[in-house]
Amino acid sequence: MLPPYNRVIEFSLSAMPHWRDADAVDLAQHVFFHKLPKGANDRQALYDFVAKLHEPMLDRSRPLWAVQVIDGLGGDLGSGRFALYQKMHHAYADGVTMAR
């Protein structure tokens with residue numbers, strides 16, 4: 001895994017926080033699959049679901065990112081579609097860095 005996706009933030013009482021490379025990155029802890037139930041899979045249901053995914057803090061013992069694959073979209077979104085939601089700590093990168 002390449003930077004910044006392999007980096008973990010380290011905190012210390014004697015130094016400023018700094019990045020270190022993780023020994024390993026387990027993708028099962030970063031990439032998740034969800035399926036919205038039929039009848040509750042329109043645009044508003046997707047927005048509500050993503051809002052709940054956004055609430056918890058990322059686990060600081062691991063690299064600070066997650067990708068959510070959300071299947072089962074329907075309703076006003078049309079059937080056979082899916083959504084991707086990526087959550088990344090703002091300390092990883094700004095918009096210019098991610099565009100590179």
Could you list all residues from the range 51-75 that are part of a loop (DSSP other than H, G, I, E, B), aliphatic (A, V, I, L, M), surrounded by fewer than 18 Cβ atoms within 10 Å (Cβ to Cβ) and in contact with a strand residue (DSSP E or B) (Cβ under 7 Å, 6 or more places away or on another chain)?
Leu58
Looking at the range 12-40, I want the residues that are closer than 30 Å to Gly78 by Cβ and have a partner that is among the charged types (D, E, K, R) with Cβ atoms under 8 Å, at least 6 apart or on another chain. Which pairs are those?
His30/Arg62; Phe33/Asp71; His34/Asp71; Lys35/Asp71; Leu36/Asp71
Go through Tyr47, Tyr85 for me and flag whichever is of a type in the set (Ser, Thr, Tyr) and touching a strand residue (DSSP E or B) at 6+ places or on another chain (Cβ under 7 Å).
Tyr85
Of the residues that make up the range 76-90, is at least one modelled with pLDDT of 95 or more and among the charged types (D, E, K, R)?
no
For the range 77-100, which residues satisfy the criterion of being of a type in the set (D, E, K, R), more than 21 Å from Glu10 (Cβ to Cβ) and surrounded by 10 or more Cβ atoms within 10 Å (Cβ to Cβ)?
Arg81
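The values are calculated or read from the model by the stated rules, or taken from the named source; none is laboratory data. The model shown is predicted, which means the values in this text are computed figures rather than measured ones. Please note: Cβ atoms are built from the backbone with ideal geometry, for glycine as well, and neighbour counts cover all protein chains shown.
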